[in-house]
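The structure is given below, and queries will be raised subsequently.
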Amino acid sequence: MKPSKTRTPGARKSQEMPAAVTRRGFLNGLWAVLGLAALAEFLWLAVSFLRPAKPGRTESQADAVVTAGALATFAPGTVTAFQNGAFYLVRLEDGGLLALSCKCTHLGCTVPWVEKEKKFLCPCHASAFDITGSVISSPAARPLDTFTVTVENNIVKVDTGRRFKRSGFDSGQPVYPPKARS
Amino acid sequence: MPPATEKRYKTLNPLGTLVLHFRPRRVPERTLRFTLTWGLGGMAAVLVLLQLFSGTLLKFAYGPLPTQAYESLVRLQEGFLFGRLVRNMHFWSANLLVVVVCLHGLRVFFSGGFHPPRRLNWVVGLSLFILLLLSNLTGYLLPWDQLAYWATTICVGVLEYIPLVGSRLQQVVLGGPQIGPATLRNFFALHTAVFPALIVMLMAFHFWRVRKAGGLVIPRAPAEEPEEKPAMVPTQPDLLLREAAMALAVIAGVLVLSLIFDAPMGQPANPGLSPNPTKAPWYFAGIQELLVHFHPSFALLITAALVFGLFCLPYLDYAEAPAGVWFASATGRRTALIAAAAAALATLLVVALDEYALDTSTMLPNLHPAVSLGLLPTVLLAAALAGLYAVMVKKFQATRLEAVQAVFVFLAVGWVLLTVTCVFFRGQGMKLRWPF
Ligand code: FES
């Protein structure tokens, strides 16, 4: 023990009690802070461990682009399903191209195209969408999401890397291949 | 404690004395009556143990990868001795647990077991119930069959409608943009480590709180005063023997069920094809039925409000605390019955009307769907509940406790009917149909 401490006379000890209590309080506080810091560290560790990897990091952009095929194979007024990319390539009557996500905007079921009724009918809660992906009947609240379509040398490509949410269909959305316009 | 009992107590086997750490040494004699609890809490505990047992075995056979999961279950069922039995046991205990725990909660509520000093334990019990549902949900995906894949898709799809954090949360749960290997990994870890650990810890706390409260509520008639010094009996053997008998009966029951009925197993998961109809597991069917009628955000809001209400139930500052009296009082019984009848009528009427007569989107064409399918019906529902409460207080002179109980009964009956509707009466495209 340090001499400075043993020298303290008994009479002064009681006067120093508050100081001793404060010191204890201080040390307790220190422990508490350290404990909280440890907790925070573990929490931080867990959160960063569990954070999902950014899609860009795992999938290369090139993988996301699906080559759908030659333009001529998509006749106007048809819908072609692409299972691997989970989208439909829609050729509107006027020749416009749309890539619609298969995922129902309600809760995420895969929506089949029903050729007989010319509608996308969701089996899960009976939402219906028309050929442009617009909602015909609820519960789905917004149209089917879209992917970007590009046409190069009469080959149709769809970029499934980014999906676009939209609130309605407008004439700016379909892509018109140069030939179809002429 | 009389000396003879004391001696017997000391010579107990060590297991008995261990169990007694969770238990008072003596319990009020009247709480032993079977019709107080129907042994529901104990049953739940036994079922949890069965789950831990069968689940651990299953873990030795299961491959948590989309490419292996389904195969591994097929192998388990065909190749392992008793493999099918163990899976069936896991399936049946999981489903029974939901039923038993619900009934247990109802029993506690209606026998006034949530008044002080048991308020906190009501909260603990509810948390356990939620953990149980989460366990079941995460376990539902693991077989990786069509049933699992799509039920999980729509359950997780609901998350997207949580304001602000919804899509982020969904991403975290799924571990990516859609259900895939990461989702299965997440669910497997949650199902086999996180939730069981939490459940076991909370269960211990739950039991300990029962002991702290001096055992169960002592049943009594509405007019009867609570006893000052109830007659006590030793926990061992009076209570433990009864519980052991109950446990054996539950185990036998689960075994028989598992021998006769197989756990369902559909086709392997196919992300490109949603079966028609796709339904959530039955314990979430109530929410799914709400989703048929409400905008998703509001269906979620209603569910969240109900859960919040349940948590608040013990803290509503009641004038009286008739612990042990079934349905609080004579008025309580009457009002509960009326509320149940009203709920049955209202629910069936609304479900049928919404299906066949009402079409809000054409009736109110220039309203946003969030209003016509969300805000409007939600406000109507809230008004109906407030009306019910007011009628109970004004017309039937119900106290706050009785009126709250009536609202609870109304919602509980409604919820059960919604669940039944969704499970049995919804066919292709979620249209109403006759099940038989
Ligand atoms: S998921 Fe398509 S209607 Fe619900």
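Can you find even one residue in the range A:117-133 that is more than 11 Å from every other protein chain (Cβ to nearest Cβ), open to solvent by 10 Å² or more (accessible area, probe 1.4 Å) and within 14 Å of the ligand (Cβ to nearest atom)?
yes
Something else now. Residues that are open to solvent by less than 30 Å² (accessible area, probe 1.4 Å) and within 14 Å of chain A (Cβ to nearest Cβ): list the helices (runs of 4 or more DSSP H) wholly contained in the range B:90-181 that include at least 3 such residues.
Filter on the range B:90-181 gives B:146-157, B:166-174.
Which one is modelled with the highest pLDDT, of the residues in the range A:57-78 that are in a helix (DSSP H, G or I) and open to solvent by less than 60 Å² (accessible area, probe 1.4 Å)?
Among those that are in a helix (DSSP H, G or I) and open to solvent by less than 60 Å² (accessible area, probe 1.4 Å), it is A:LEU71.
Go through B:PRO163, B:PRO181 for me and flag whichever is within 19 Å of A:ALA140 (Cα to Cα) and more than 16 Å from the ligand (Cβ to nearest atom).
B:PRO163
Further question: Of everything in the range B:262-280, what is away from chain A (no Cβ under 11 Å), under 22 Å from the mean Cα position of the chain (by Cα) and either open to solvent by 20 Å² or more (accessible area, probe 1.4 Å) or within 16 Å of the ligand (Cβ to nearest atom) (or both)? Give them in sequence order.
B:PRO264
Then there's this: Within the range B:391-436, which residues are open to solvent by 40 Å² or more (accessible area, probe 1.4 Å) and within 14 Å of chain A (Cβ to nearest Cβ)?
B:GLN428, B:LYS431, B:LEU432, B:ARG433
Look through A:LEU100, A:LEU45 and report the one residue that is at pLDDT 85 or above and either closer than 30 Å to B:ALA370 by Cβ or in a loop (DSSP other than H, G, I, E, B) (or both).
After ruling out the rest, the residue left standing is A:LEU100.
Which residue pairs have Cβ atoms under 6 Å apart, sit 6 or more places apart or on different chains, and have a first residue in the range A:132-145 that is more than 19 Å from B:ASP354 (Cα to Cα) and of a type in the set (Asp, Glu) and a second that is open to solvent by less than 20 Å² (accessible area, probe 1.4 Å) and within 13 Å of the ligand (Cβ to nearest atom)?
Correct list of pairs: A:ASP145/A:SER101.
Restricting to the range A:79-89, give me the number of residues that are within 16 Å of the ligand (Cβ to nearest atom) and either open to solvent by 50 Å² or more (accessible area, probe 1.4 Å) or of a type in the set (Gly, Ala, Ser) (or both).
Of the residues in that region, 1 qualify.
Against the conditions (1) within 20 Å of B:TYR161 (Cα to Cα); (2) within 16 Å of the ligand (Cβ to nearest atom); (3) open to solvent by less than 60 Å² (accessible area, probe 1.4 Å), where does A:LYS165 fall short? Just the number, please.
(3)
Another question, if that's okay. Please tell me if A:THR148 is away from the ligand (no atom under 16 Å from the Cβ), part of a strand (DSSP E or B), without any contact (Cβ under 8 Å) to a residue 60 or more places away in the chain and away from chain B (no Cβ under 14 Å).
The answer is yes for A:THR148.
How many of the residues in the range A:128-145 are among the small types (Gly, Ala, Ser), at pLDDT below 85 and in a loop (DSSP other than H, G, I, E, B)?
Residues flagged as among the small types (Gly, Ala, Ser), at pLDDT below 85 and in a loop (DSSP other than H, G, I, E, B) within the range A:128-145 amount to 3.
A further question follows. Just give me the residues in the range B:284-294 being out of contact with any strand residue (DSSP E or B) (no Cβ under 8 Å at 6 or more places or on another chain) and away from the ligand (no atom under 12 Å from the Cβ), in sequence order.
Step one: list which residues in the range B:284-294 are out of contact with any strand residue (DSSP E or B) (no Cβ under 8 Å at 6 or more places or on another chain), which gives B:284-288, B:290-291, B:293-294.
Those that are out of contact with any strand residue (DSSP E or B) (no Cβ under 8 Å at 6 or more places or on another chain) and away from the ligand (no atom under 12 Å from the Cβ): B:PHE284, B:ALA285, B:GLY286, B:ILE287, B:LEU290, B:HIS293, B:PHE294.
Moving on to the next point. Taking into account only those residues within the range B:182-214 that are surrounded by 15 or more Cβ atoms within 10 Å (Cβ to Cβ) and more than 30 Å from B:GLY125 (Cβ to Cβ), which is farthest from the chain's Cα centre (by Cα)?
Among them, the one singled out is B:ALA182.
Could you check the range B:394-434 and list, in sequence order, the residues that are among the aliphatic types (A, V, I, L, M) and either in contact with a Lys or Arg (Cβ under 7 Å, 6 or more places away or on another chain) or closer than 18 Å to B:ALA344 by Cβ (or both)?
Correct list: B:ALA406, B:VAL407, B:VAL409, B:LEU411, B:ALA412, B:VAL413, B:VAL416, B:LEU417, B:LEU418, B:VAL420, B:VAL423, B:LEU432.
For the structure I just gave you, tell me whether A:VAL156 is at pLDDT 85 or above and either crowded, with 20+ Cβ neighbours inside 10 Å or more than 10 Å from every other protein chain (Cβ to nearest Cβ) (or both).
Details: at pLDDT 85 or above: no; either crowded, with 20+ Cβ neighbours inside 10 Å or more than 10 Å from every other protein chain (Cβ to nearest Cβ) (or both): yes.
So A:VAL156 does not fit the description; no.
Okay, next question. Take the conditions more than 30 Å from A:ALA140 (Cα to Cα) and either in contact with a strand residue (DSSP E or B) (Cβ under 8 Å, 6 or more places away or on another chain) or modelled with pLDDT under 85 (or both) and apply them to A:LEU92. Does it pass?
no
Filter the range A:90-116 for residues that are more than 11 Å from the ligand (Cβ to nearest atom) and open to solvent by less than 10 Å² (accessible area, probe 1.4 Å); which is nearest to the other protein chains (Cβ to nearest Cβ)?
A:SER101
Follow-up question, since we're still on this one. Being under 17 Å from B:ASN136 (Cα atoms) and surrounded by fewer than 16 Cβ atoms within 10 Å (Cβ to Cβ), is that true of even one residue in the range B:59-66?
yes
The values are calculated or read from the model by the stated rules, or taken from the named source; none is laboratory data. Everything quoted here is computed from the prediction, not taken from an experiment. Cβ atoms come from the backbone with ideal geometry, glycine included; neighbour counts cover every protein chain shown. Heavy atoms of the whole protein, side chains included, go into the accessibility calculation; ligands, DNA and RNA do not. Shrake-Rupley method; radii C 1.70, N 1.55, O 1.52, S 1.80 Å.
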